[in-house]
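The values are calculated or read from the model by the stated rules, or taken from the named source; none is laboratory data. None of the values given here were measured: they were computed from a predicted structure. Just the protein is used for accessible areas: all its heavy atoms, side chains included, with ligands, DNA and RNA removed. Shrake-Rupley method; radii C 1.70, N 1.55, O 1.52, S 1.80 Å.
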Amino acid sequence: MEFVVAPVETQSMLRRWRDGDATARDRLMEQLYPELERIAAARLRHEATSSLATSDLVNDAVLRLMATENLQIRDRAHLLALASRVMQHILVDHARAKMSGRRRHVKVELTTQAQRGPRIDLLALDAALIRLKVLDEALMDLVNMRYFGGMTIEDIAAVTGLSAPTVKRRWETARAWLADALAQPIPS
């Protein structure tokens, strides 16, 4: 049985964490761990060459979040979006390290997924996201929240203050732009 944290309790733990309460921080991370695992698993399904396990990605992200000074998290959705972005950076760093030959890992996957989408070259996606950021940083943020964070349209609307239909239209625009950018990358 999965325990769901009440929004009031989440806000209380976030406030206490900002005030320096490590116990509240640890409890919040423990409560959100299943959601963080879901986000990490979704990201790894789309990553072509990562040898990271889901738990490794979640643990690295949690450690980076906990080590960040003066972290100003507003609510659960904001924390999940931030964790998603941290996971993206970990995956990009990992892909770059593998490309430089410093790491030689073999991916071992203990669980399988019945439905698998096409794998995406994370370095090409990162390059496309950098280009998108130059054109429209809000679209790049939306992609990070939706693709890397696995956030719903409604969660993104709550974080950004936009309406759900607007977020949906902007998501479709971003997806189309990224599909084109990945199909026609700029040579380096």
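Just a few scattered comments:
- Accessible-area composition of the range 1-97, carbon plus sulfur, in percent [1.4 Å probe]: 52
- The range 122-188, accessible surface, carbon-and-sulfur percent (1.4 angstrom probe): 58
- Computed from backbone phi with θ = phi - 60° and the Karplus coefficients 6.51, -1.76 and 1.60, the 3J(HN,Hα) list for the range 148-165 is 7, x, x, 6, 7, 4, 5, 4, 5, 4, 5, 6, 8, x, 8, 6, 4, x Hz; x is used for glycine and proline.
- Per residue, the accessible area of the range 4-97 comes to 47 Å² when a 1.4 Å probe rolls over the protein heavy atoms.
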